[in-house]
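Bear in mind these aren't lab numbers, they're just calculated from the coordinates by the rules spelled out. Bear in mind that the values here come from a model prediction, so they are computed numbers and not experimental data. Every residue, glycine among them, receives a Cβ derived from its backbone with ideal geometry; neighbour counts consider all protein chains shown.
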Amino acid sequence: MSDSESTPSRDGGPRGSRPERRMPPPEDEITLMELIVTLSRGRGLIVLSVVGIGLLGVLYSVATPSRYTAESKVIREAGEGGGGPSLPSGIGGIAGGLGIDIGGGGVGLSPASYPEIATSREVRLAVARDTFYFPSIGRRTTFVDYVNRPPGTLDQILSYTVYLPWTVKGTLGSLIGSGQGKRSAGTDSTGTLIYPTEEEEAAISALGGMVSASVSESGALEGGSGLMTVSASSGNPKLSARLNERFIEHLRTRVRELQTEKTRRNLRFVEKRFEEVKQELDAAENRLVQFLERNKGVLAAGSKPQLESRRERLRREVGFKEQLYSQMQKQVTQTRLQLQKEQPVVTIAEKPAPPAGPSAPNRTLNVVLSLFLGGLFGVGATFFRSAIQSQEDDEEAQEQIQEVQKAWRPSGIVEGVREELGIEDDPEGSLTQR
């Protein structure tokens, strides 16, 4: 055997040659090249999706009106003893001995409650009744009238295009609530408004989405106070600043009303107790005078120890009532002075100013997001179309696609419901229960 002859190997091939070990890829494995080819074939669909959804993003950004946000910083100051002075310790002990509860120094408004007060219905209603200049209509009017004005041409176009979902929602809500009747303003015998009208409710709801109040932990001050940020947004920078100012003013008024109400309640309570003590003092003095007049001669002779003891007890009672009367009189005076010098506990640290630029919408971000979503939609649609086309020659896949289409038709949905309920059609066409 010559050296040129090759000895066969175990697998039947020449010993000197290396066998091919490349295995074909599985049928269900998708290579990177196949993905690239699929995307290349769907390049037109991807470009159209990016351009189409990108244009929608541009139209949305252009159609959405600009929003300007004016901010201010407010120092939240804790009240003094809850809006009224604390009662002296001496009068508390005296009243406690008589079984009289004249109250004490309570805890006032906490600074943590100021953000809720700033956005409360009472404050929003007060702002809604204020008059502002609205550049969009070119005149001054109340916020209530501005919100409930007839819609203009641009507003109608936006209502049926960009804001169509909200328009449909509002229409359905009005149809559902149409049977309840229109509510008018309720007033009491003095003419004081009890609850707002439907127009004012609409203005209150609109202001709820235009104002916010937040507390920054980093701006906390000592003594339980802190900085609060009040933000007001609208379609005009000057209007935003004016709304912010009015919110702060009505916040100050509301806080003062709450504190004054508590002080007045305390004053009414103390005055009531003062009148009771005064009546008790008058009664004790009358009893002493009557006793002295009836027993004047006997007490002068000094022969009745029991009468003298009775006289001393009446004098001690009068002295005790005089002391309590004096303390209550001081408390009434202090409470009245506190009511007179009650001051707002809201201090503006940074006044609101018209913003230099809009805070919303972020048009650049909207366009970038729309382009990104358009690319995702185009890629997904490309792979979905490729999957459908790859199944066109597969009879089993075609049958499955037809089954899915048939199942989601109205007749197929009804048939599925019947199967779940166990209802079948008998030969005569009537329904029978299994």
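Scoring 63-69, 229-235, 416-422 by mean Cβ neighbours within 10 Å over their residues and listing the highest first yields 229-235, 63-69, 416-422. Counting 0.36 nm for each residue step from Asn295 to Ser411 and taking away their Cα separation leaves a gain of 30.6 nm.
For the pair Met33 and Glu116, the difference between a 0.36 nm per residue extended length and the Cα-Cα distance amounts to 23.9 nm. In this simple spin-label model, placing a label point 7 Å from the Cα along the Cα-to-Cβ direction at both Phe320 and Leu172 gives a separation of 7.3 nm. Close amide H contacts of Asn236 (hydrogens built in the peptide plane, cut-off under 5 Å, sequence separation of 5 or more or a different chain): Tyr68.
With a Cα cut-off of under 16 Å and a minimum spacing of 8 residues unless on different chains, the lysine pairs in segment 252-390 number 8. Report note on the peptides 244-255, 113-124: ranked by the mean count of other C-beta atoms within 10 Å, highest first, their order is 244-255, 113-124.
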